[in-house]
Amino acid sequence: MIKNELPKDLATALDCAIRDSNGSMARGYKMKNGKDDQYNNYMSNEEWDDYLAKMDQAHKRQYGMGAGGELKAGKYPPKMASFGSSSRLIYELSKDFDGFIFEERLDTRVGGVANLDGFLRKGSKYIYVEAKRREIYSPSHERQDIKSVYEPVYEWIKGNSSQFDFTSERGNVENGEETKKITFKINEKPIKYFDLKQLICHYLGITYDIAKHSTHNVTIKFLYLLYNPNKVEEKIDKHYRKKVMDRYKEVKSFINANREILESIFKVVLQYQIEMHNLEKPQIDNFEFKLVDQNNYQSELTDF
C-alpha cells in the first residue's frame, strides 16, 4: 500500500513539492511492518540510510538525545526523512557552523523541558533558533490541550501585557494530569497558525537558564526560521497551491505585525522566572526576535 500517493493535505502537498524540486528519483520510505506501507513524501530507505551515514557523529548524538525522535523509525518513518522536515531544514543550514547545537534542551521550571531546534553561542552573544516548515500547514492552534501548570504563566503574561490574552476551558486528564483547552489572543484576535504555546515554553527555558547562571552583558537573538515556499510554488499540487501560499503569507504577516509584542512577552516571562524562583536579574543588553527564512538565515549566524 502506498501512503500519500497523492497529497491529502497542505503539509503533504508541500512535502511532495520539495521532493520534486530536489529531483529525488528513489521515492518512498517503506515501513517494515508486514504491510509494506510506503510514504512517498519521505526519502527512500536507501536515501535515508546514506543521509544518516554522512551525518556528523556529534550532531547525530544531539538528535539522538533530543525528544523529537527525528532519526529513528517508529510507527512512522524517521521524521527527518520527510522532505518537509523542519529539523532537516535547520540541520542542512546550520551543520557547518562550529559550535552549533541541535535539539538544545532547557529546563522551564514549570512543565518540563523546552526543546529548541538550535543554539549557537558566540562569546556573550546567544542565538536560539526555532524552525518551521510543514508545521504551519497543520490544523489551527485554537483550543490547544495544554498542561494546567502553564496557566499561571499565561495569567502572569496577561497581567503584564495589555495586548496578550487567552481563554481557558476544561480539558482532559492525561497520565493523571489535568489539561486545559487554551486559545491565545493578541489584541483580542485568536491566534490560529502560530504556535505561541511553544514560544512561551522556549522563553521559559531560555530565561530560567540565563537567570540561574547570573548571566551578565549578553545579547540574545531568537531566530524564527520559517521556510519560504516561493521557490517550490510551481511544484505544489494545483489543488493545494493557493492554500499553501496563502497560509505562508498569513503566518509571515502575523509575525511581522506582532514582532514587538513577541519580544515584550520574553521580558515578561523573564520577570516571571526571577520572581517565582527568587533569582538575580540577569543583565541582557539586548533581546531581538527576528523572522528569517532559508535565504537569509545563515547570514544572521555569520554576522551576529
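Report, in listed order, any pair from Lys8/Lys231; Lys197/Lys243; Lys54/Lys243 with a Cα-Cα distance greater than 31 Å.
Details: Lys8/Lys231 21 Å; Lys197/Lys243 24 Å; Lys54/Lys243 36 Å.
The answer is Lys54/Lys243.
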Probe 1.4 Å, protein heavy atoms only - accessible area per residue of segment 194-297 in square angstrom: 46
Lys231/Asn33 FRET efficiency (R0 25 Å; Cβ-Cβ; nearest 0.05): 0.15
Apportionment of accessible area to carbon and sulfur, segment 155-270, percent (1.4 Å): 41
Dipole axis of the chain (+1 Lys, Arg; -1 Asp, Glu on Cβ), positive-most option in Ile127, Ser264, Tyr137: Tyr137
Cβ-defined net charge surrounding Ser299, 13 Å radius [Lys, Arg +1; Asp, Glu -1]: -1
Rounded FRET efficiency, nearest 0.05, which uses the C-beta distance separating Lys267 from Lys95 and R0 of 25 Å: 0.20
Electrostatic dipole magnitude of segment 68-107 [Cβ: Lys, Arg +1; Asp, Glu -1; Cα centre; debye, to 20]: 340
Max mean-square fluctuation residue, GNM over the chain, Cα-Cα springs under 10 Å, options Met43, Met65, Met55: Met55
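Quick one: accessible area per residue over segment 83-126, 1.4 Å probe, rounded to a whole number of Å²? If you can, show how the numbers build up before the last one.
Values: 1740 Å² over 44 residues.
I get 39 Å² per residue for this part.
For the cross-link pairs Lys60/Lys290; Lys181/Lys235; Lys180/Lys252, which exceed 30 Å when the distance is taken from alpha carbon to alpha carbon? If you can, show how the numbers build up before the last one.
Values: Lys60/Lys290 27 Å; Lys181/Lys235 37 Å; Lys180/Lys252 28 Å.
Beyond 30 Å between Cα atoms: Lys181/Lys235.
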Using alpha-carbon coordinates, inclination of helix 241-276 to the longest axis of the chain, degrees: 30
Spatial separation of Cα centroids for segment 112-141 and segment 32-100, in angstrom: 17
Interchain or long-range residues, amide H under 5 Å from Arg134's placed H: Ser86
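The values are calculated or read from the model by the stated rules, or taken from the named source; none is laboratory data. Keep in mind it's a predicted model, so treat the numbers as computed, not measured. Don't worry about glycine lacking a Cβ; one is built from the backbone with ideal geometry, like all the others, and counts go over all protein chains shown. Heads up: the accessible areas ignore ligands, DNA and RNA and are worked out on the full protein's heavy atoms, side chains in. Shrake-Rupley method; radii C 1.70, N 1.55, O 1.52, S 1.80 Å.
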